[in-house]
Amino acid sequence: MSNKCCCNERSHYFDKFDKILAKYEGKEADIIPILQNIQEAYGYLPQDILDELCDRTGLHPSQVMGVATFYSQFRLKPTGENLIKLCFGTACHVNGAEKVAEALADELKIEIGGTTDDGRFTLETVACLGCCSLAPVMMIGDETYGRLTPDKARKIIRGFYENRGE
């Protein structure tokens, strides 16, 4: 389904973008903070918003996409309802984060960086969550889960589905 809307819906869709762009001069130096604000507002960088950014600022699409694809903080696809951030920092790595990642990917039937077919979960790895004493650790939304094992990680995911009656 496209994000493109029509008439008043389209106008409302671009309201967040209009407010973001009003804070900047649209110069090349503004690309990173503009993209950060767009992602914060929309949850990712929608292509139609990026197109509008180019149209309104005169920035070339290759400039915008070059930045959007270079930095791992930016997402070009929507994330699932629950974003799983699995730590791969040193403490987590040496305590089994890789096996936890394999278990999560298997349980969710996705690859790291992917989103489940039902849109419930996106699984990504991060360099550090700052919870080394709980290694290995993951966050789902604002909740931290530590001292993970592959089985414990699977049970956490199953709990999300059970709590929603699925």
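The values are calculated or read from the model by the stated rules, or taken from the named source; none is laboratory data. Owing to the predicted nature of the structure, the values given are computational and were not obtained by experimental measurement. Note that we place each Cβ from the backbone using ideal geometry, even for glycine, and neighbour counts take in every protein chain shown. Please note that ligands, DNA and RNA were not included when accessible areas were found on the heavy atoms of the full protein model with its side chains. Shrake-Rupley method; radii C 1.70, N 1.55, O 1.52, S 1.80 Å.
Is it the case that residue 119 is out of contact with any Lys or Arg (no Cβ under 7 Å at 6 or more places or on another chain), modelled with pLDDT under 95 and under 21 Å from residue 44 (Cα atoms)?
Against the criterion (out of contact with any Lys or Arg (no Cβ under 7 Å at 6 or more places or on another chain), modelled with pLDDT under 95 and under 21 Å from residue 44 (Cα atoms)), residue 119 qualifies.
So which pairs qualify, if the first residue must be in region 89-110 and at positive phi and modelled with pLDDT of 95 or more, the second must be open to solvent by 20 Å² or more (accessible area, probe 1.4 Å) and β-branched (Val, Ile, Thr), the Cβ gap must be under 8 Å, and the two must be at least 6 apart or on different chains?
96/149
Just to check your reading of the model, which residue among 68, 41, 29 is more than 19 Å from residue 140 (Cα to Cα) and open to solvent by 80 Å² or more (accessible area, probe 1.4 Å)?
That would be 29, the only listed residue that is more than 19 Å from residue 140 (Cα to Cα) and open to solvent by 80 Å² or more (accessible area, probe 1.4 Å).
Mind counting the residues in region 111-124 that are at positive phi and either in contact with a strand residue (DSSP E or B) (Cβ under 8 Å, 6 or more places away or on another chain) or among the aliphatic types (A, V, I, L, M) (or both)?
Count: 1.
Quick check on this structure: which one of 83, 76 is surrounded by fewer than 18 Cβ atoms within 10 Å (Cβ to Cβ) and out of contact with any helix residue (DSSP H, G or I) (no Cβ under 9 Å at 6 or more places or on another chain)?
83
Filter region 145-161 down to residues that are within 18 Å of residue 83 (Cβ to Cβ) and not in a helix (DSSP H, G or I), then give me how many there are.
The total comes to 3.
Run residue 101 past the list (1) out of contact with any Leu (no Cβ under 9 Å at 6 or more places or on another chain); (2) farther than 23 Å from residue 35 by Cβ and report the number of the one that doesn't hold.
Every condition holds for residue 101 apart from (1).
So which residues in region 19-45 are modelled with pLDDT of 90 or more, touching a Lys or Arg at 6+ places or on another chain (Cβ under 9 Å) and more than 20 Å from residue 62 (Cβ to Cβ), if there are any at all?
Scanning region 19-45 gives 37, 41, 42.
For region 109-143, enumerate the residues that are under 17 Å from residue 96 (Cβ atoms), within 20 Å of the chain's Cα centre (by Cα) and not hydrophobic (A, V, I, L, M, F, W, C).
Residue satisfying the conditions is 125 alone.
Residue 56 passes all but one of (1) without any contact (Cβ under 8 Å) to a residue 24 or more places away in the chain; (2) surrounded by fewer than 16 Cβ atoms within 10 Å (Cβ to Cβ); which number fails?
(1)
Being exposed (fewer than 14 other Cβ atoms within 10 Å of the Cβ) and part of a loop (DSSP other than H, G, I, E, B) is the filter here, so list the residues in region 105-133 that pass it.
109, 111, 113, 117, 118, 119, 127, 128, 130
Just to be sure I understand, how many residues within region 111-135 are among the aliphatic types (A, V, I, L, M) and free of Cβ contacts under 8 Å to residues at least 12 places away in the same chain?
0
For the list (1) under 30 Å from residue 27 (Cα atoms); (2) modelled with pLDDT under 95, I need the number of the one condition that residue 68 fails.
(2)
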